1. Are any residues in region 168-201 within 14 Å of PRO47 (Cα to Cα) and either assigned to a strand (DSSP E or B) or touching a helix residue (DSSP H, G or I) at 6+ places or on another chain (Cβ under 9 Å) (or both), and if so, which ones?
2. If we keep just the residues of region 182-224 that are modelled with pLDDT of 90 or more and polar (S, T, N, Q), which is farthest from PHE274 (Cα to Cα)?
3. Out of all the residues in region 227-249, which are under 30 Å from VAL362 (Cβ atoms) and of a type in the set (D, E, K, R)?
4. Take region 385-407 and flag every residue that is closer than 27 Å to ASN341 by Cβ and assigned to a loop (DSSP other than H, G, I, E, B).
5. Show the residue pairs meeting these rules: Cβ distance below 8 Å; 6+ apart or different chains; first residue within region 352-380 and within 19 Å of VAL159 (Cβ to Cβ); second residue buried (at least 24 other Cβ atoms within 10 Å of the Cβ) and among the acidic types (Asp, Glu).
6. Only residues that are crowded, with 20+ Cβ neighbours inside 10 Å and within 24 Å of GLY131 (Cα to Cα): list them for region 182-211, please.
7. Restricting attention to region 60-82, and to residues there that are surrounded by fewer than 17 Cβ atoms within 10 Å (Cβ to Cβ) and part of a loop (DSSP other than H, G, I, E, B), which single residue is modelled with the lowest pLDDT?
8. Where residues in region 328-385 are polar (S, T, N, Q) and over 26 Å from the mean Cα position of the chain (by Cα), which of them is surrounded by the fewest Cβ atoms within 10 Å (Cβ to Cβ)?
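The values are calculated or read from the model by the stated rules, or taken from the named source; none is laboratory data. The structure presented is a predicted model; accordingly, all values stated were derived computationally and were not measured. For neighbour counting, all protein chains shown are included, and Cβ atoms are generated from backbone atoms with ideal geometry for every residue, glycine included.
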Amino acid sequence: MVRKNIIISSLFLGLVSASPLHLKRQDLPIDSYDESVAAGADSTDTPPVGDAVPQNVETFDSNTVAAEVVATVVDTPPAVAQASNDTPPDVIAVNLLKRSDMNVARADGPATSCIVRTFNGPQVSDPDTPGAFTSYPAFSTAAIDSVKAANVPSGYAAVPNFVNLNAVAQDKSYITYTSSKLTSYDPKKCAAICDATAGCTSFNIYYERVPLEISKATQVPDAALGCPGNADAASATLIKCAFYGMPLVATSAKSVYQYQGKAFKVVYAGSTAFTKSSGPTVDGLQGPVTFGDAAINAPAPVIDHGYLRTQTFGTNVPFAPELCAASCKAQTEYNAKHGTNKGQACIFFNAFVIYKNGKDGVFTCNYYGTPYGVSYAKNRGQWDDSGNHWTISNSFGYYVPGNYVAK
């Protein structure tokens with residue numbers, strides 16, 4: 001069953017009263033960042049332990065979200081957009097909210113039955129303890145081998161400092177996971193699934209220690225059925241891949257563990273993350289041109305150098321430049337009709353991810369009526385007055401045909 005998208009959109013004008021845009025340099029959109037993060041606050045950020053019922057599955061329909069993005073442009077009243085000094089909207093935030101969980105068919109049989117779970121990884125039984133699991137040599141070997149050049153999936157790169165950890169990714173862009181489709185620790189299989197999943201940009205592959213005996217109905221221990229999940233209960237190993245819509249970074253890894261049943265400790269090993277190594281292509285546009293960990297910094301005053309606006313998205317909207325392409329086109333049509341932004345056409349945008357203190361990446365696009373090349377990608381982050389460090393990753397440029405500039 002595929003669930004429908006539920007989308008909410010809000011418009012943040014962010015007009016700077018103390019420093020009008022015609023005098024202002026181009027800063028990162030830190031004013032709207034917290035609102036974008038808050039919009040995804042109820043999102044699941046990591047897969048459930050075991051094979052929980054129901055399994056959470058996210059779906060991403062770029063056409064539906066793009067329609068909402070366009071609506072935020074065309075529904076902006078010209079008088080508001082132009083304001084007193086003809087400044088464009090500084091920030092438009094579009095937030096895709098978490099959908100309700102998808103009901104997954106439960107196993108046949110009476111709810112009172114206790115079963116031995118299906119698992120796909122090697123059992124660690126001598127001794128069968130959390131410590132033995134996290135230090136099991138075969139898990140480390142598989143993880144370390146997976147990031148050797150010959151084994152890294154095509155089109156992906158291992159996330160630096162996120163290799164062979166006892167921690168798993170936690171990120172609001174979590175989409176879904178698989179265990180049943182894996183028969184081994186196989187990043188290439190996970191990459192193929194990511195490529196076939198709308199909005200997927202990264203994945204985290206790992207071993208998970210779970211209780212061997214569980215309730216058939218709920219997939220967790222149940223003392224009433226004789227599978228209480230005691231501290232010394234036998235374990236099983238699940239190999240999992242979790243999929244995310246945003247690029248994972250080292251700080252996405254969280255050293256978390258939890259208990260199931262009475263005292264069974266769930267832990268992780270061999271956890272490694274991979275992210276796509278290049279930006280996605282967008283139909284009808286030139287690019288992507290890689291800007292790395294820097295965003296375009298248009299010359300000041302930015303309103304006289306082609307800057308149109310910045311758009312941020314909720315943390316559970318994936319890295320999807322096609323959304324920015326739809327918005328760019330709508331901005332061109334709107335500006336021509338209303339004279340906003342001096343009637344400039346949007347001919348170039350810079351798609352990137354912004355982080356606050358290394359966490360909670362927010363997909364962001366800057367739009368321009370002037371094309372800029374890699375020599376203008378100079379904004380590598382900034383500090384605010386509260387001591388927060390704002391950084392950038394996965395920055396790419398996209399151009400309306402005929403407007404590409406190399407420098």
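1. Answer for region 168-201, where residues must be within 14 Å of PRO47 (Cα to Cα) and either assigned to a strand (DSSP E or B) or touching a helix residue (DSSP H, G or I) at 6+ places or on another chain (Cβ under 9 Å) (or both): VAL168, ALA169, GLN170, ASP171, LYS172, TYR174, ILE175, THR176, TYR177, THR178.
2. Result: SER215.
3. Within region 227-249, just LYS240 meets the criteria.
4. VAL400, PRO401, GLY402, ASN403, TYR404, VAL405, ALA406, LYS407
5. Hits for this filter: ASP360/ASP171; GLY361/ASP171.
6. Within region 182-211, TYR185, ASN204, ILE205, TYR206, TYR207, GLU208, ARG209, VAL210, PRO211 qualify.
7. Checked region 60-82; the qualifying residue modelled with the lowest pLDDT is PRO77.
8. SER375
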